[in-house]
1. Quick check on this structure: which one of GLU175, GLU155, GLU138 is surrounded by fewer than 22 Cβ atoms within 10 Å (Cβ to Cβ) and part of a helix (DSSP H, G or I)?
2. If you check every pair at least six apart or on different chains, which have Cβ atoms under 6 Å apart with a residue in segment 93-108 that is over 20 Å from ARG128 (Cβ atoms) and in the same structural domain as HIS144 (by TED's automatic domain parsing) first and a residue that is part of a strand (DSSP E or B) and near the ligand (Cβ under 9 Å from one of its atoms) second?
3. Can you tell me which residue among TRP95, TRP145 is more than 13 Å from the chain's Cα centre (by Cα), of a type outside the set (D, E, K, R) and either away from the ligand (no atom under 15 Å from the Cβ) or in a loop (DSSP other than H, G, I, E, B) (or both)?
4. More than 16 Å from the ligand (Cβ to nearest atom), under 20 Å from GLU76 (Cα atoms) and either assigned to a strand (DSSP E or B) or assigned by TED's automatic domain parsing to the domain that holds TRP85 (or both): does that describe ALA166?
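The values are calculated or read from the model by the stated rules, or taken from the named source; none is laboratory data. Computed from a predicted model, the values in this text were never measured in an experiment. Using ideal geometry, Cβ is built from the backbone for each residue, glycine included, and neighbour counts are taken over all protein chains shown.
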Amino acid sequence: MMFETNDDGGGGRPDSSESSNRRGMGASLPPSSAARRFLLAVALLLGLVVASRAHAYETPLRLNEVARAYTLGVGEVRCASAAEWQADPYSSFRWGYTNVRADYTVLPPLICEGALNVADDDVPAWQRALGTLVLVHEAFHLRHWRFRRDEGKVECQAIVYFTDAAQKLGANEAEADNLYPYALAWHRWQTQRFSWYRDRTCVIPPWIPPVP
Ligand SMILES: [Zn+2]
């Protein structure tokens, strides 16, 4: 999932005439008192937002290193705390989201826990698979390529690179292959339910059952 935000953080905008004046004349004119009050309010609001969010999320090294293989070095992967995720207005994107304008991804605790424990049998297999798949999906939103805003193309890359990513996260080849059916099942569920995740040209790698 991805979205774009305005850089003003949604704190409102000056009226259009004032806005166009400022654009037209640059910074040479002092702002009117109304504009100054507005700017002060925005600064205070942003300050409060930054203060309330400081250190609330983590940026696990392993997740960022693995993501960078697909983002080609762009952006940051953040693991929200449970409280932060609950308070996040975008947590309706249940499994995580990427702000493609500001180049960061936010993942909920369940997804980070899955991706960080990809070879740990104590964590449910579906959670490890989902954590891996979502991490790669969001990484392809972060990457500056022509299809970064195309959910179908991004999701296709996520499933194509799934086993590669699982191994980069610490699973061996057999463990990655064991998780792949969960990823395929999730991919199928998602593409059937939400048409915009479909890419008819996607070549999905087959799961090959291990033959003893
Ligand atoms: Zn997406």
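1. Values: GLU155 fails: surrounded by fewer than 22 Cβ atoms within 10 Å (Cβ to Cβ); GLU138 fails: surrounded by fewer than 22 Cβ atoms within 10 Å (Cβ to Cβ).
Every option except GLU175 fails the conditions.
2. Taking only residues 6 or more apart or on different chains, the pairs are THR98/MET2; VAL100/MET2.
3. Working: TRP95 fails: more than 13 Å from the chain's Cα centre (by Cα).
One residue alone meets the criteria, TRP145.
4. Values: more than 16 Å from the ligand (Cβ to nearest atom): yes; under 20 Å from GLU76 (Cα atoms): yes; either assigned to a strand (DSSP E or B) or assigned by TED's automatic domain parsing to the domain that holds TRP85 (or both): yes.
Spelling it out, ALA166 is indeed more than 16 Å from the ligand (Cβ to nearest atom), under 20 Å from GLU76 (Cα atoms) and either assigned to a strand (DSSP E or B) or assigned by TED's automatic domain parsing to the domain that holds TRP85 (or both).
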